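Just so it is clear, none of the values below were taken in a lab; they were calculated from the coordinates. In this text the structure is predicted, and so the values were computed from the model without any measurement. When we count neighbours, we look across all protein chains shown, and the Cβ atoms used for this are built from the backbone with ideal geometry, even at glycine.
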Amino acid sequence: MGPNGSGKTTLLRILATELACSFGSLEIFGVPPGANKLAVRGRMGFARDQPILMESLTGRENAELFAELYGLKNKDAKSRLDSLFLSFGLSDVENIPVRSYSHGMKKKLQLLESFAHDPELIILDEPTLGLDPLGLEVFVDLLNQEQARDRCVVVATNNPEVAMRVATSVVFLVDGAVVTRGSPEKLLEQLADETKVEIRTSGNMQGDIDFEIEGMVPEILPGKILVSMPANAGSLPALMEGILDAGLEISKIEITRPDLSDVFLLLTGRALEEDVSGEEGS
Amino acid sequence: MKGTILRVEWRGGFRNKRLVFFNTVVPLAFVGPIVLGGAPGTHATAILVVLFALFATFGSSIPLVRDYESGLLQRFLMTGIDPGWLLLERTAAFVIIDFLQLFPAMLLIVLSTSASSGDGFLFLVTIFLTLVAGNLLGVLAASISRSIAEGALFSSLLALYMVHLSGVFRIAPDESFMRGLEAWMPFRPMYLAIGTLISGVDQWEGGRLMIPSLLLTVLMMIMTYLRGKAFFTGKYQ
């Protein structure tokens, strides 16, 4: 995980042997790729953030093409692809040319292709960008299945929910350097005593909100107030009272636990770009 | 790879019906007025040689640069296939597709002359050889291009230069270096075959003329293979 320009894609392309290291060394499957690069590539699945497909071919033809290039036998490919097309909800459109697919469908197809040959190492760049909720669930299930089979999956994502659900180890990258790494649970321990509160407001503020409440630093934005407070949210009534006294109306209150993006902010002072909204990551 | 790329290019090449239509009709529209309009033999021959040479080089360079820009080539390479072999398989597919698309125009040329069936067959063989050489030239042009426009520019330059070296635009003095070089140029057999068809005068000096051109074409295949390996391994580790 890391903001745009932190080096996530570059790191993945180096791991996939697509780019050379400018310094340091690389070992894949326990050996430097070097002269065995082509064989190493055949044992991994790599999907970039933007789907790259043969637009004139159908989804099925594309998947068969890449399965064949990866050396999957026709008979094995058929049953494997049948199952993946069904899982990703693409069975109905598998015989339609890819040029008429939506971005999300292309994304699913490329993900499906990177899993089809049962690779030992799977490298995925921003895989959830542009996926619909069904696709996201299928993807998370698939990753968990691969993990259960001791497959190694390396994912660049800024989606804290996905990271929480699939990662055994999370690395925070900033400006090409590792800030920290650890299991999601371990990283979240740093904010274990905090709760995030978002209060939606309407109306015009009359005077100031009383901020003299211990342990709170509210951030006032147009139409909403964000605040972190101790985990029991015991100061919430006092804050609400202050907001109402300032002449604002409260339309919604949302209390959530901090996620990995909050830990990232705490450790680096920088925000992660939220890729679930559809923005392109780096 | 067992011809995977060749098969897929072949399939994809005929999916775009609009492109197939134009690639078939445009050469026909060029060739028609030339061979049916009574153009002088030397002019007609030169124009037809240029047409076939350009068609061949463009046929491989433009798709290659396009697929490099879109990232499709890199995606193929990430499956672990050999980069040099990838280029050769794609070239083979382009040659077959080009040959079929040019076939109506070639047929028109043969039928518009009073050529013997032997000369007609020779003409088809030399066009095929030209397409192989031209497509290989196109791949080499694409490998030094950074955009589709550059691909088109370098392809045209290389093709026209090779046409020139084939002796199409001037007659080199006997025993000169340029005369010797002509024999090695891959477009030379096509030039002689078209000249024979159009003028009705046998300019063909037997199969031995093909040997240097064939040798150079094989050399270009090896260069394409090595260029593919060097280009993709250099750029992508």
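Quick notes on this one:
- Taken about its Cα centre, region B:45-119 carries a charge dipole of about 100 debye when Lys and Arg each add +1 at the Cβ and Asp and Glu each add -1 at the Cβ.
- For chain A, leaving out every one of the trypsin sites (Lys or Arg not before Pro) that falls in a DSSP loop and has at most 10 other Cβ atoms within 10 Å, the longest unbroken run is A:150-282.
- Counted as membrane-span-like here are DSSP H helices of chain A whose alpha-carbon atoms extend 24 Å or more along the helix's own axis and whose Kyte-Doolittle mean is 0.5 or above; there are none.
- Region A:19-81 and region A:103-182 have Cα centres separated by 16 Å.
- Of the GluC sites (Glu not before Pro) found in region B:128-237, the ones in coil according to DSSP and having at most 16 other Cβ atoms within 10 Å of their Cβ are B:175, B:205.
- Cross-link partners of residue A:78 among aspartates and glutamates (Cα-Cα below 15 Å; sequence separation of 8 or more within a chain): A:61, A:64, A:68, A:94, A:113, A:118
- Spin-label model distance (nm) - residue A:74 vs residue A:190, 7 Å beyond Cα toward Cβ: 5.5
- From phi via Karplus (6.51, -1.76, 1.60), per-residue ³J(HN,Hα) for region A:222-233 in Hz, x at Gly/Pro: x, x, 7, 10, 10, 8, 9, 9, x, 4, 7, 6
- With both labels modelled 7 Å from their Cα along Cα-to-Cβ, the residue A:91 to residue A:198 distance reads 3.7 nm.
- The protein assembly as shown, dipole about Cα centre (Lys/Arg Cβ +1, Asp/Glu Cβ -1), debye to the nearest 20: 2820
- Of the chymotrypsin sites (Phe, Trp or Tyr not before Pro) in region B:140-237, the ones in a loop by DSSP (not H, G, I, E or B) with at most 13 other beta carbons within 10 Å are B:169.
- Under-5 Å amide H pairs with residue A:123, H placed in peptide plane, nonlocal only: A:45, A:46, A:47, A:154
- Mean partner shielding of peptide A:72-83, defined as the number of other chain Cβ atoms within 10 Å of each residue Cβ, is 0.
- Ellipsoid semi-axes in whole angstrom, largest first, where each is sqrt(5λ) of the Cα gyration tensor of region B:4-235: 31, 21, 15
- Separation in nanometres of the label points that stand 7 Å from Cα toward Cβ, at residue A:270 and residue B:201: 7.5
- Violating pairs (Cα-Cα greater than 23 angstrom) within the set A:8/A:224; A:108/A:186; A:73/B:229; A:37/B:229; A:37/A:108: A:8/A:224; A:108/A:186; A:73/B:229; A:37/A:108
- Shape class of the protein assembly as shown from the alpha-carbon gyration tensor: prolate, with a/c at 1.5 or above and a/b greater than b/c.
- Amide H contacts of residue A:179: A:172, A:173, A:174, each under 5 Å away and 5 or more positions distant or on a separate chain (H built 1.01 Å from N in the peptide plane; Pro and chain starts excluded).
- Low-density loop positions, trypsin sites (Lys or Arg not before Pro), region B:1-52 - DSSP coil, at most 11 other Cβ in 10 Å: B:2
- Computed from the C-beta positions of residue A:232 and residue A:120 and an R0 of 35 Å, the FRET efficiency is 0.15 to the nearest 0.05.
- Scanning residues 5 or more positions from residue A:224 or on other chains, those with amide H under 5 Å from its amide H are A:201, with H placed 1.01 Å from N in the peptide plane.
- Which of B:95, A:263, A:63, positive extreme of dipole for the protein assembly as shown (C-beta unit charges): B:95
- DSSP loop chymotrypsin sites (Phe, Trp or Tyr not before Pro) with at most 16 other Cβ within 10 Å excluded, longest remaining stretch of chain A: A:30-210
- Backbone HN-Hα couplings from phi across region B:35-49 [Karplus 6.51/-1.76/1.60, Hz, Gly and Pro as x]: 7, 9, x, x, 5, x, x, 5, 5, 4, 4, 4, 5, 5, 4
- Karplus-based coupling profile of region A:30-45, in residue order and whole Hz: x, 9, x, x, x, 6, 8, 4, 5, 5, 5, 4, x, 9, 10, x, with θ = phi - 60° in 6.51 cos²θ - 1.76 cosθ + 1.60 and x standing for Gly or Pro.
- Counting Cβ atoms of other protein chains within 10 Å of each Cβ in A:19-28 and taking the mean gives 1.
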